[in-house]
1. Name the one entry in LEU33, LEU79 that is of a type outside the set (Val, Ile, Thr), under 30 Å from PHE199 (Cβ atoms) and surrounded by 12 or more Cβ atoms within 10 Å (Cβ to Cβ).
2. Output the qualifying pairs, or none if there are none: Cβ atoms under 9 angstrom, residues six or more apart or on different chains, first residue in the stretch 102-113 and on the phi > 0 side of the Ramachandran plot and surrounded by 11 or more Cβ atoms within 10 Å (Cβ to Cβ), second residue charged (D, E, K, R) and part of a helix (DSSP H, G or I).
3. Of all residues in the stretch 19-64, how many are more than 23 Å from the chain's Cα centre (by Cα) and in contact (Cβ under 8 Å) with a residue 40 or more places away in the chain?
4. Return the residues of the stretch 145-202 that are at pLDDT below 50, assigned to a strand (DSSP E or B) and out of contact with any Leu (no Cβ under 8 Å at 6 or more places or on another chain); say none if nothing qualifies.
5. Here are ARG85, ARG80: which of them is in contact (Cβ under 8 Å) with a residue 40 or more places away in the chain and of a type in the set (D, E, K, R)?
6. At pLDDT 85 or above and out of contact with any strand residue (DSSP E or B) (no Cβ under 8 Å at 6 or more places or on another chain): does that describe ARG101?
Amino acid sequence: MIFLIFNIDFLDLISTPPGSMIFVLLLALTTALISTILTKWLVDTEELARKQKQIKAHQEEKEKIIELAEVDPERYSKLRKKWERKDAMFKKSQQGMAMQRLKPTCITFLPMIIIFSVLNTVVFGGSPVALSAMHANDVPLIGDFIEARNTIWINFTAWYFLCSLGLNTLIQRLLKLQTQASGGMGQMMGATKAKSLEFPDV
């Protein structure tokens with residue numbers, strides 16, 4: 001009987017703000033910790049970091065080769081062929097890296113889907129769980145944002161996503177995890193820019 005009362009009180013506590021806000025924050029923290037620990041356990045993160053540096057250098061080399069097209073066409077042609085042979089190997093390497101990163105997800109995906117479905121339907125029922133710091137007049141109301149009394153309330157999915165976004169990066173940095181996040185946005189933008197460049201015909 002006491003256990004039942006405790007369960008009811010606990011559900012009441014976490015199903016409405018501010019208890020729901022703290023509960024989802026702790027859930028996101030726990031998920032980030034589990035994911036990071038599994039990644040360190042199952043994935044050779046140092047090897048991934050080494051391959052990422054090689055791929056980044058390979059993409060930067062493409063820009064230098066393109067600059068030779070008008071200056072030295074003969075050397076450009078030789079270096080281009082050499083780069084394209086290496087590029088085929090790097091593409092296979094990237095596929096292997098993607099499979100490595102998927103290992104933790106394969107373990108956590110189904111349990112997390114079940115937990116999230118139960119929480120979202122049984123505990124929260126689509127109700128708002130957190131109050132946004134933004135004013136309702138400052139942002140457009142999109143998807144998960146709900147306007148109430150000139151404020152923005154956020155539901156379970158949106159609040160979990162916001163918490164997870166920040167906590168995943170923080171936990172990875174604290175545990176010195178080198179994954180696809182290593183290098184930051186600058187590295188991502190640099191790689192995308194290099195990939196978008198096309199070899200000119202000479």
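1. Result: LEU79 is the single residue among LEU33, LEU79 that is of a type outside the set (Val, Ile, Thr), under 30 Å from PHE199 (Cβ atoms) and surrounded by 12 or more Cβ atoms within 10 Å (Cβ to Cβ).
2. Every condition considered, no pair remains.
3. Adding up the residues that qualify gives 4.
4. The answer is PHE145, ILE146, ALA148.
5. Working: ARG85 fails: in contact (Cβ under 8 Å) with a residue 40 or more places away in the chain.
It is ARG80.
6. no
The values are calculated or read from the model by the stated rules, or taken from the named source; none is laboratory data. Since the structure is predicted, the reported quantities are computational estimates derived from the model, not experimental observations. In this analysis, Cβ positions are derived from the backbone assuming ideal geometry, glycine residues included, and neighbour counts consider all displayed protein chains.
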